[in-house]
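Right, one structure below, let's go through it.
The values are calculated or read from the model by the stated rules, or taken from the named source; none is laboratory data. Just so it is clear, the structure is predicted and the values come from calculations on it, not from any experiment. Cβ coordinates were reconstructed from backbone atoms using ideal geometry, including for glycine residues, and neighbour counts include every protein chain displayed. The area values use the complete protein model at the heavy-atom level, side chains included, leaving out ligands, DNA and RNA. Shrake-Rupley method; radii C 1.70, N 1.55, O 1.52, S 1.80 Å.
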Amino acid sequence: MVKRESEPVNRPVPGNPYVQPPPSARRSRGPGAALVAGAVALVLAGAGLYVLAQGDDGGSRAPVAGQSRQPSDSEREPSGPDRDAGAGGDDGSAAVIDVNAGRKPGEVRAWLAVNDIELPGKGAQLLDLWHVPGIVAQAEYDEVTGYRTSDGSKAWTVPLPGTVCDTPVNPTPDGKVVVAYTKKKSERNTSCDQLRMIDLKTGEKGWHKELVSRGFWDDTSATHVAVSGSTVLVDQSATMRAYRISDGKRLYVTKREREGGCSLTGVAGGPALLQVESCAPGSPATHGRLRKLDPRTGDTDWRYRTKKGWSIEKVYSADPVVVAVRNREETDKWAVVAVDDKGGQRSWIPLDKGPHAFEMCAGAGDAGEGVQNCPGAAADADTLYLASEPEDDLLGPNKIVAFDLRTGERKWSGAVGGGRQLTPVTAGGADRPGVIAYVRPKDGRGGQTVRFGPGGGKPEVLLRHTSSAADMESGMFAGNTLYADGRFFVTPARLDGKSHGSAGEQADARMLAFGR
């Protein structure tokens, strides 16, 4: 149900504590999942990591120990809604570790940005990676930071008064995002009830809004945001509100439908706006439902309903529409469904049978992110690419398997040599069809960025990652990955709270980039 409303006066009200849900047991890998969770938080091992002052590509300045930058009080945004000053650049504070020493022929140059803010003892999650021309950006703890893709220097930093609790997977076509954060940095009794629009090209702040909790079906205990076109969708429990990104004006609200017992469970953005719903929980007729909405009006374009007893868990792609579904009674049974442009079932791909085993999010589990946060899959118009489970251990070799979205049949599977693991990153696009994949480093060998063509076969190596950065690259465990403009970016899923790049301490690696 869609209701258009005038914007009420925002006023703070008591909200439920914002709690990051624990990883889902049914999506975890038992001891293996614990290993991944611990590994992505490792402090870089080894002595003698130095930070280079910013210079040109072949700079020969003497290395100096990394310095931690603590934002001054004037840099910190007050919690009031009227502050709208831009953040500006911060050239001198960026840190790049020299990861190119000993670079071998054929390997591309790399840069490594280190964390330079003090984190709480429990550390902080690193959120979605975004790209606009010349800039790669990401939120961490109480900041959103843009790095220059050419050398990793900071282009801008936007400090926030509270902890960033959710970000959209993608920006708008013109490079804007809306992030959700808490009013203050607190581990308890904090709601995810603040919104701030940021222009990724410049780091300038746009409008600010404070969300209001209105009860069990409409609260800010676990807020999620998604961007589609020029609209940002904000999921508050079982209620979704849409705001115009240019000025923050509320456009419409979709509420829980009493008839049929369907409740909102997530929103997905990008080239299409999708609303994921769970219907009639606890009854024999329980099912999942997917709605495609017009992002400008909230009108429903079509509805897709799963088989009885199945729920929609994750959205792999918004265009084409590809979702992962799970059997509610036999939770080890799951499948992928492709939906056509009228809401009909295009294909059903069962994944509990066949020569390869798969996990819904490639063993990464679910730390409470939105329905679009699920690594290990990519899709183009007619093909789904999934990473199979490793053959022997957590870091062992695996394959990418391609499925025909029109028929559900397997098309091909591909691997790389040397017992190495790979995962899809993105579909290749019209100029380079197929799938771009990440080959993880192993035994001191750097990772690779490769492309499998539409017919599979031997992959084309796009980037040979710097082998001197292999240990640091391994420690990131591919928590977040991005391929854009011929460069590959990778970050850990979390950073440790014990060090932050200050002198005399080992530095936490924030982001690695590889490119020509």
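Looking at residue 221, is it within 19 Å of residue 235 (Cα to Cα), open to solvent by 30 Å² or more (accessible area, probe 1.4 Å) and in contact (Cβ under 8 Å) with a residue 60 or more places away in the chain? Considered against the rule, which asks whether it is within 19 Å of residue 235 (Cα to Cα), open to solvent by 30 Å² or more (accessible area, probe 1.4 Å) and in contact (Cβ under 8 Å) with a residue 60 or more places away in the chain, residue 221 comes out as yes. Residue count for the stretch 442-468, restricted to those that are in contact with an Asp or Glu (Cβ under 9 Å, 6 or more places away or on another chain) and closer than 16 Å to residue 490 by Cα: 9.
For the stretch 427-465, the set of residues classified as of a type outside the set (A, V, I, L, M), open to solvent by 40 Å² or more (accessible area, probe 1.4 Å), in a loop (DSSP other than H, G, I, E, B) and at negative phi consists of 431, 432, 433, 440, 454, 455, listed by residue number. For the stretch 484-495, the candidate set comprises residues that are closer than 24 Å to residue 101 by Cα and open to solvent by 20 Å² or more (accessible area, probe 1.4 Å); within that set, the residue that is modelled with the lowest pLDDT is 486.
Given the structure, is residue 258 among the basic types (Lys, Arg) and modelled with pLDDT under 95? Yes, satisfied.
Residue-wise test of (1) closer than 21 Å to residue 297 by Cβ; (2) touching an Asp or Glu at 6+ places or on another chain (Cβ under 8 Å).
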{"position": "184", "(1), (2)": "no, no"}
{"position": "194", "(1), (2)": "no, yes"}
{"position": "198", "(1), (2)": "no, yes"}
{"position": "203", "(1), (2)": "no, no"}
{"position": "209", "(1), (2)": "yes, no"}
{"position": "214", "(1), (2)": "no, no"}
{"position": "220", "(1), (2)": "no, yes"}
{"position": "228", "(1), (2)": "yes, no"}
{"position": "233", "(1), (2)": "yes, no"}
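If you go through the stretch 338-354 and keep only what is open to solvent by 60 Å² or more (accessible area, probe 1.4 Å), among the charged types (D, E, K, R) and either at pLDDT 90 or above or touching a Phe, Trp or Tyr at 6+ places or on another chain (Cβ under 6 Å) (or both), you end up with 341, 342, 346. Residues in the stretch 399-426 that are open to solvent by 60 Å² or more (accessible area, probe 1.4 Å) and either assigned to a strand (DSSP E or B) or in contact (Cβ under 8 Å) with a residue 40 or more places away in the chain (or both): 5 in all.
Of everything in the stretch 168-215 that is of a type in the set (Gly, Ala, Ser) and modelled with pLDDT of 95 or more, the residue that is nearest to residue 141 (Cα to Cα) is 180. Restricting 335, 357 to residues that are more than 27 Å from residue 255 (Cβ to Cβ) and open to solvent by less than 10 Å² (accessible area, probe 1.4 Å) narrows the list to 335.
Every residue, every condition in (1) acidic (Asp, Glu); (2) within 19 Å of residue 474 (Cβ to Cβ); (3) not in a loop (DSSP other than H, G, I, E, B), yes or no:
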site	(1), (2), (3)
101	no, yes, no
116	yes, no, no
120	no, no, no
125	no, no, yes
128	yes, no, no
144	no, no, yes
147	no, no, yes
158	no, no, yes
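Considering the conditions (1) open to solvent by 10 Å² or more (accessible area, probe 1.4 Å); (2) more than 25 Å from residue 426 (Cβ to Cβ); (3) not charged (D, E, K, R), residue 298 is excluded by exactly one of them, (1).
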